[in-house]
Amino acid sequence: FLNPEDEIYRRIIMAGKGFGDADSQPPLYLRTTDEMLEEFEYLGSAKAREIVIENPVKIAGMVEKITPVRPDKCPPVIPDSDKMLRDICYNKAHSMYGEDLPEIVTERLERELNSIISNGFAVMYIIAQKLVWKSVEDGYLVGSRGSVGSSFVATMAGITEVNPLSPHYYCKKCHYSDFESEEVRKFAGGCGWDMPDRICPVCGEKLTKDGFDIPFETFLGFKGNKEPDIDLNFSGDYQSNAHKYTEVIFGAGQTFRAGTVGTLADKTAFGYVKNYYEEHGQIKRTAEIDRISRGCQGIRRSTGQHPGGIVIVPRDKEIYEFTPIQKPANDMTTDIITTHFEYHAIDANLLKLDILGHDDPTMIRRLEKLTNTNVNRDVPINDPKVMSLFTSPEALGITSDDIDGCPTGSLGLPELGTDFVIQMLVDTKPTKISDLVNISGLSHGTDVWLGNAQTLIEEGRCTISTAICTRDDIMVYLMHKGIEPQVSFQIMEHVRKGKGLQIYKDKKSGKEINEEEVMHQHNVPDWYIGSCKKI
């Protein structure tokens, strides 16, 4: 520890772990140069100086600069992944939108593919594509988490079912499409599933509705060079198969579980401190217990493994070039081998795949079997009865009184059955798919709903459709207000990371950018600016 007074933390942690000699603490704090000279005073001042200052400097001068692990990025290689990705995407696009692709489809595909391929990210897409296709082939849907839904290439590669183009209609039979009509443009910034049903004017088939209007920048950054983070939710029943399949793709001995370092959590630290003083018969105020427990928090407790992180080593490299490996928590009975270094320490060098387990794909698979229904083919996303569950339980054949007065029918729906979200549903009365997306955004952010959007909606300053609910809402709205795309992107990034509105120097132009001032200049309302500052 750093200072002499920090010994209390070490003593408490040792006592908490059951060491009987915890109170016999040696003075293990780090000495200053003067303190070290004092320790060696008995040798005389010249010898003390030689030992404390001159010799360590000599040794440091003899050691050449080395890095214990490879400093360079070593992504895995799949031969021809660039060409493979391009072919998969265009085949899918032609199967949906016809031989002559609409300009909006070609433009978005080319822009994304150029970014992805030029920055060397194609291999990550191909890995995700192989894993998802294998799982779907084996009968389990895969949920894509987070911002991968803003990549149209990910949609065309079958990695995500979210289509980030603007809302539109297309015909599966004759490939007619409509991105431009007045009716379609009304839903810009929203969701294509909220548009009314329509018949194809060319062949009379029912048109497919699609599109969520998400900018690609939220995924790969404004220059398309932000490392993509493709997180996938596999069925918990299937997760181990997906982990094993990575070994099939890359070869045995090239994949490892991502290691973690388990630290002392705040509640555990508080318990250690409280118990220590109780056992010593000392009475301490809660504020003092709190102060000391803060000094113990975050201390390494044990090693563990990431629930779904798989680290991939290229075939021509060895894991030892990047990290030692070990069994988690020194448990020699387990077959699992993890990286010894915490995965964040090597994520600049090796690719980590997030192959997470989730209940949703498992439940969907079970329901498909029980009802002999195919989710993709037979279940409409905007079924009116399902939509009614967010405002009333009637479609389930029951009343609120049957379920303890719960005003909605959403108790059994993932993430929509808690008191907090049910209250949001009551406050916002969602009627559209885009409302549900917004509610999900509002319920997952920090300081987004309570004391922010909730108050603004109650005061009538905005609605569920115009409040800030997701990160891309900010960028899309500010660009719509005429603010430059690069500045809109920066404001979105600052707000979502909790940094509020910033003043900074633009690297390219050298101009000072005051984000709040820019928003005022473009007539962004005060309530919107205030909302950004709270998130």
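Here is how the numbers come out for the structure above:
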quantity: The stretch 439-535: trypsin sites (Lys or Arg not before Pro) in DSSP loop, at most 13 other beta carbons within 10 Å; calculated: Lys497, Lys499, Lys507, Lys508, Lys511
quantity: DSSP loop GluC sites (Glu not before Pro) with at most 13 other Cβ within 10 Å excluded, longest remaining stretch of the chain; calculated: 206-317
quantity: Positive-end extreme of charge dipole, the stretch 455-513 - chosen from Ser509, His494, Ile464 (charges on Cβ); calculated: Ser509
quantity: On Cα atoms only, tilt of 239-250 relative to the major axis of the chain in degrees; calculated: 80
quantity: Trypsin sites (Lys or Arg not before Pro) lying in DSSP loop within the stretch 269-331, provided at most 12 other Cβ fall within 10 Å; calculated: Arg285, Arg315
quantity: Charge sum, other residues only, whose C-beta stays under 14 Å from Val132's C-beta, Lys/Arg counted +1 and Asp/Glu -1; calculated: -1
quantity: The chain: relative contact order in percent, alpha carbon pairs under 8 Å with at least 6 residues between; calculated: 12
quantity: Share, in percent, of DSSP beta bridges within the chain that are antiparallel, nearest 5; calculated: 80
quantity: The stretch 410-426 versus the stretch 128-177: alpha-carbon centroid distance in Å; calculated: 27
quantity: For the stretch 352-463: rounded, prolate or oblate by the Cα gyration tensor [a/c cutoff 1.5]; calculated: oblate
quantity: √(5λ) per eigenvalue of the Cα gyration tensor, the stretch 95-236, largest first, Å; calculated: 27, 18, 14
quantity: Mean separation of Cα contacts under 8 Å (6+ apart) over length of the stretch 314-469, as relative contact order %; calculated: 11
quantity: Members of Lys226/Lys497; Lys92/Lys352; Lys73/Lys226; Lys209/Lys385; Lys209/Lys432 lying beyond 21 Å, as alpha-carbon distances in this model show; calculated: Lys92/Lys352
quantity: Nearest 10 degrees, 0 to 90: helix 122-137 Cα axis against the chain principal axis; calculated: 60
quantity: Alpha-carbon centroid distance for the pair the stretch 184-225 / the stretch 244-323, whole angstrom; calculated: 43
quantity: Karplus-derived 3J(HN,Hα), 6.51/-1.76/1.60, for each residue of the stretch 142-150, Hz, glycine and proline x; calculated: 10, x, 8, 9, x, 7, 4, x, 8
quantity: ³J(HN,Hα) computed for each position of the stretch 269-277 - Karplus, 6.51 cos²θ - 1.76 cosθ + 1.60, integer Hz, glycine/proline x; calculated: 4, 4, x, 4, 5, 4, 4, 4, 6
quantity: 17 Å Cα-Cα reach of Lys511 towards aspartates and glutamates, excluding residues that sit fewer than 8 places from it in its own chain; calculated: Glu484
quantity: C-alpha long axis of helix 359-371 to longest principal axis of the chain, angle in °; calculated: 40
quantity: Calculated from backbone phi, Karplus (6.51, -1.76, 1.60) coupling profile of the stretch 399-411 in Hz, x at Gly/Pro; calculated: 10, 4, 5, 6, 10, 6, x, 5, x, 10, x, 9, 4
quantity: C-alpha center-to-center spacing [the stretch 444-463, the stretch 77-122] in angstrom; calculated: 39
quantity: Prolate/oblate/rounded call for the stretch 284-416, Cα gyration tensor, a/c under 1.5 rounded; calculated: oblate
quantity: Cα gyration tensor shape of the stretch 96-136, rounded if a/c is under 1.5, else prolate or oblate by comparing a/b with b/c; calculated: oblate
quantity: Sparse-neighbourhood loop sites, trypsin sites (Lys or Arg not before Pro) in the stretch 43-107 - DSSP loop, at most 14 other Cβ within 10 angstrom; calculated: Lys65, Lys73
quantity: Selection from Leu131, Gly204, Ser166, by position along the positive dipole direction of the stretch 130-226 (Cβ); calculated: Leu131
quantity: Around His522: net Lys/Arg minus Asp/Glu count, Cβ-Cβ under 15 Å; calculated: -4
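Every number here is computed from the coordinates shown, using simple stated rules; none is lab data. If you're wondering where the values come from, they're calculated on a predicted model, not measured in any experiment. Cβ atoms come from the backbone with ideal geometry, glycine included; neighbour counts cover every protein chain shown.
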